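Laboratory data are not the source of any read-out in this text; all were calculated from the coordinates shown. For clarity, every value in this text was computed on a predicted model and none was experimentally measured. In this analysis, Cβ positions are derived from the backbone assuming ideal geometry, glycine residues included, and neighbour counts consider all displayed protein chains.
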Amino acid sequence: MRDSFNQFELDNMGNDPDNYIWGIFYFNPKDYRIILPKRNKYLGWTLNFAKVETYLILFFIIAGGWLVSMM
């Protein structure tokens, strides 16, 4: 079951430095989002590496790049 968080709580989780591994990889199993804005929202988006879906996304991006390079 997914916990419901309001926008303020989601922003606090995304800005909390304790949820980052080595300062760059976001890892928070309590956060249900897979893709979320970076701490500085002007720099784009980041992935939540606590979710299996993140690794599937990365796998398909890498596999797609590999397939295109083989053609």
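Tally time: how many residues in region 36-71 are of a type in the set (Phe, Trp, Tyr) and in contact with a strand residue (DSSP E or B) (Cβ under 8 Å, 6 or more places away or on another chain)?
Filtering region 36-71 down to residues of a type in the set (Phe, Trp, Tyr) leaves 42, 45, 49, 55, 59-60, 66.
Within this subset, residues satisfying the condition of being in contact with a strand residue (DSSP E or B) (Cβ under 8 Å, 6 or more places away or on another chain) are 45, 49.
Matching residues across region 36-71 total 2.
Which of the residues spanning region 1-53 are surrounded by fewer than 11 Cβ atoms within 10 Å (Cβ to Cβ), of a type in the set (Ser, Thr, Tyr) and part of a loop (DSSP other than H, G, I, E, B)?
SER4
Within region 26-55, can you find the residues that are among the hydrophobic types (A, V, I, L, M, F, W, C) and over 12 Å from the mean Cα position of the chain (by Cα)? Reasoning before the result, please.
Keep residues of region 26-55 that are among the hydrophobic types (A, V, I, L, M, F, W, C), which gives 27, 34-36, 43, 45, 47, 49-50, 52.
Answer for region 26-55, where residues must be among the hydrophobic types (A, V, I, L, M, F, W, C) and over 12 Å from the mean Cα position of the chain (by Cα): just LEU43.
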